[in-house]
Amino acid sequence: MPEEATRRARVAVFVSGRGSNMAALLYASRLPGAPYEVALVASNDPDAEGLALAEAEGVATFALSHRGKARGDHDSAMEQAAREAGAEYIALAGYMRILTPGFVQRWEGRMLNIHPSLLPNYTGLDTHARAIAAGDSHGGVSVHLVTEDLDAGEVLGQIRVAIRAGETADSLAERVRFAEHQLYPRVLARHVSRPFDAEWLLGRVRALALALPETHERESHGAPGWRVGTKKSGKYFAYFSDRHHGTPHISLLVKCDGMDELEELVEDQPHAYHKPAYYGASGWLGVILDRADIDWDSVAERLQRSWTAVAPKGATKLINAADSF
Ligand code: GRF
């Protein structure tokens with residue numbers, strides 16, 4: 001496949017120092033078939049070595065010192081630079097700043113960090129010295145999603161690195177760095193590919209559908225579907241459609257309020273909704289799943305509304321009760 005045919009996610013990399021992880025991300029992105037490109041390298045330190053390297057490699061850069069600025073203002077400027085570069089993801093690579101909660105929330109699931117320990121062990125600083133002092137057999141590195149709690153988001157990948165006799169924090173750090181450079185590009189590549197992966201999308205939809213009361217899964221014409229009610233007389237409230245009937249999308253088919261709502265959504269938000277072949281005529285709305293900026297809360301809400309529309313009375317009481325908590 002020619003390289004241009006691969007859709008590449010745009011990633012902003014934030015650095016504060018040397019930027020060796022940024023360099024590993026950047027050079028991996030230049031391999032044929034890489035699923036992401038580095039759209040921006042940004043730093044809170046205008047003298048960060050990583051900026052000069054990015055510039056030499058023709059990557060856009062942004063630098064703004066945090067000194068004398070309120071945290072929120074500095075974060076806003078960094079975020080704006082990422083948005084202006086068209087970033088869909090932010091990869092923190094030795095970015096030595098704690099981020100404001102609003103910033104973190106807006107990038108939920110799309111901001112990654114690399115941390116030099118086997119999380120959940122040793123969050124924070126001095127990870128190597130602490131692992132050695134504790135007599136651990138291994139240190140290592142983790143790539144994780146960024147959440148409001150420091151170094152606590154979902155771990156996306158790890159590599160263990162053996163601690164040898166006589167190891168110092170510096171000698172361990174140096175070897176962990178090799179592992180970091182292997183791990184980060186691979187984990188980032190896998191992460192940005194997930195929103196377009198049918199198996200992964202199906203797993204997420206399935207978990208949401210089966211979390212609703214009295215539901216079960218049953219295939220319909222080769223497509224996974226979910227029903228509410230008994231196995232005998234249950235009714236479908238959702239189907240998973242993997243580019244069926246010639247549509248280019250992977251989508252979730254749900255019942256909406258009727259034809260007017262369906263037509264309106266498809267017209268106003270064609271990137272998010274479509275009218276599926278055959279099913280559309282009987283009021284099934286296609287919620288497009290294979291897009292980078294999907295809002296999973298709204299997918300969950302759509303599923304619940306569809307469930308409510310077809311569920312027998314006894315079952316809807318259950319969900320009303322659950323909602324009132
Ligand atoms: C790495 O050890 C990384 O795990 C930590 O900060 C360091 C950054 O190094 N978060 P570099 O700037 O990528 O060389």
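The values are calculated or read from the model by the stated rules, or taken from the named source; none is laboratory data. What you see is a predicted model, and the numbers here were worked out from it, not measured in a lab. Here the Cβ positions follow ideal geometry from the backbone for every residue, glycine too, while neighbour counts run over all protein chains shown. Accessible surface areas use protein heavy atoms only, side chains included; no ligands, DNA or RNA. Shrake-Rupley method; radii C 1.70, N 1.55, O 1.52, S 1.80 Å.
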Completion exercise
So for R0 = 22 Å, FRET eff. of Ala70-Thr123 from the Cβ-Cβ r, to 0.05, ends up at 0.30
Practice task
Starting from the Cα of Lys231, draw a straight line to each of the aspartates and glutamates and keep only those under 14 Å, dropping any in the same chain fewer than 8 residues away.
Solution key: Glu214, Glu217, Glu219
Handout entry: Fluctuation leader among Tyr95, Tyr36, Tyr279 - the chain, Gaussian network, Cα springs under 10 angstrom
Key = Tyr279
Practice task
Using label points projected 7 Å from each Cα along Cα→Cβ, tell me how many nm separate His138 and Gln182, to one decimal.
Solution key: 1.1
Handout entry: Net charge, Cys256 excluded, C-beta distance under 12 Å - Lys, Arg +1, Asp, Glu -1
Key = -2
Practice task
Among DSSP beta bridges whose residues both lie in the chain, state the antiparallel percentage, nearest 5.
Solution key: 65
Practice task
Please list the radius of gyration and Dmax for region 198-323, considering alpha-carbon atoms only, with Å as the unit.
Solution key: 13.7, 41
Handout entry: Where a label projected 7 Å from the Cα of Ala198 along Cα→Cβ would reach, residues of region 284-312 with amide N under 13 Å
Key = 290
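Mind putting a number on the dipole of the chain about its Cα centre? Charges go on the C-beta only, +1 for Lys and Arg and -1 for Asp and Glu, and I need it in Debye to the nearest 20.
1040
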Fill in the blank from the handout: Placing each pseudo-label 7 Å from Cα in the direction of the beta carbon, Ala207 and Arg18 end up separated by a distance in nanometres of 3.6
Practice task
Might you tell me the accessible area per residue for the chain, computed with a 1.4 Å probe and given in Å²?
Solution key: 50
Problem - Accessible carbon and sulfur surface of region 198-323 relative to its total accessible area, %, 1.4 Å - result: 50
Handout entry: Under the Karplus curve 6.51 cos²θ - 1.76 cosθ + 1.60, θ = phi - 60°, whole-Hz ³J(HN,Hα) for region 290-305, x wherever Gly or Pro sits
Key = 8, 9, 5, 9, 5, 9, 6, 5, 6, 5, 4, 5, 4, 4, 5, 5
Fill in the blank from the handout: region 3-195: Kirkwood hydrodynamic radius (Cα pairs, Å) comes out at 17.0
Fill in the blank from the handout: Summing -39500 (n - 2.57) over every DSSP H run of at least 4 in the chain, dividing by its residue total and rounding to the nearest 500, the 222 nm mean residue ellipticity is -11500 deg cm²/dmol
Exercise for the section: Please list, or write none, the lysines whose alpha carbon is within less than 16 Å of the alpha carbon of Lys313, excluding same-chain residues fewer than 8 places away. Expected result: Lys235
Problem - Residues of region 155-171 with amide N under 12 Å of the 7 Å Cα→Cβ point at Arg190 - result: 155-159
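Classify the chain from the C-alpha gyration tensor, please: rounded if a/c falls under 1.5, else prolate or oblate depending on whether a/b exceeds b/c.
Cα axes put the chain in the prolate bin.
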Handout entry: Amide H contacts under 5 Å for Gly153, placed H, 5+ residues apart
Key = Thr147
Problem - region 275-301 residues near the modelled Asp260 label - backbone nitrogen below 19 Å, point 7 Å along Cα→Cβ - result: 281-285
Practice task
For region 98-115, take each phi angle, set θ = phi - 60°, evaluate the Karplus expression 6.51 cos²θ - 1.76 cosθ + 1.60, and give the result in whole Hz per residue in order, putting x for glycine and proline.
Solution key: 7, 9, 5, x, x, 4, 4, 4, 5, 10, 3, x, 10, 10, 10, 9, 10, 10
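Probe radius 1.4 Å, ligands and nucleic acids ignored: give me the carbon and sulfur share of the accessible area of region 30-137 as a rounded percent.
51
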Handout entry: Residue among Met22, Met96, Met78 with the largest mean-square fluctuation in a Gaussian network model of the chain, springs linking Cα atoms under 10 Å
Key = Met96
Exercise for the section: Could you give the C-alpha radius of gyration of region 36-150 expressed as a fraction of 2.2 N^0.38 Å, taking N as the number of residues it contains? Expected result: 1.16
Handout entry: Computed FRET value (nearest 0.05) for Thr308 with Arg30, which takes r as the C-beta separation and R₀ as 56 Å
Key = 0.70
